Amino acid sequence: MDPEERKLLDDARRGDAGAFRRLVEKNQRRAYAVALGMVHDPDDARDICQEAFLKVHKSLHTFEGEAQFFTWLYRIVMNLSIDHLRKRRGDKIEFDEALPGEELEDDSGIAPRRTGFDPQRALSDKELRGQIHGALAALSAPHRAVLIMREVEGLSYQEMADQAGCSIGTIMSRLFHARKKMQKMLLTYRDQTEPA
């Protein structure tokens, strides 16, 4: 663990609220990315992160510091995300092509404001995003987790193994199978949408 993080942890354990706040600020973006990658809902991801940091705060005295702080936080976020998905099983997921804060329509409410807007391309992109999110959601939690760690967070195999608490061989196997499953699901989508 880096010395700055070690000091923040020690100070937070002694009740320094500012040190804990800095730990949260330093790690909240990555924690949110993990949660969002798992649950695909920004509000749910924020709730999971908030709950994770509450758990961290209550359990600071139990963290021994042998691993990186984010490794511990990651496991908490993943467990909360998996619990959330288990509770939510069966709910329908909706996908929205709008980016936060993006205005898609002009004052008339008919034409998009963006220049060079191609409605067919936008529809195709929205469908593809939906297929990617659907394919991710169809993966088991361990397979989804390794894809997010590798493709979204850019972690090394060793970092992934540390965070998941398993061997590099297990990570490589999970990643291989997750990519194969995603590829199969997305090829099926492509074959269905290509003109004959």
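More than 17 Å from the chain's Cα centre (by Cα) and free of Cβ contacts under 8 Å to residues at least 60 places away in the same chain: which single residue out of G165, G169 fits that description?
Working: G165 fails: free of Cβ contacts under 8 Å to residues at least 60 places away in the same chain.
Only one candidate passes the filter, namely G169.
Comparison of L8, L85, L60, L36 shows that the only residue that is surrounded by 12 or more Cβ atoms within 10 Å (Cβ to Cβ), more than 17 Å from G165 (Cβ to Cβ) and at pLDDT below 85 is L85. Any residue at all in the stretch 13-25 that's under 24 Å from P142 (Cβ atoms), surrounded by 15 or more Cβ atoms within 10 Å (Cβ to Cβ) and not assigned by TED's automatic domain parsing to the domain that holds L136? No: the stretch 13-25 contains no residue that is under 24 Å from P142 (Cβ atoms), surrounded by 15 or more Cβ atoms within 10 Å (Cβ to Cβ) and not assigned by TED's automatic domain parsing to the domain that holds L136. Of the residues making up the stretch 20-46, those that are more than 26 Å from V146 (Cβ to Cβ) and free of Cβ contacts under 8 Å to residues at least 12 places away in the same chain are R21, E25.
The values are calculated or read from the model by the stated rules, or taken from the named source; none is laboratory data. If you're wondering where the values come from, they're calculated on a predicted model, not measured in any experiment. As a convention, Cβ positions derive from the backbone with ideal geometry for all residues, glycine included, and neighbour counts pool all protein chains shown.
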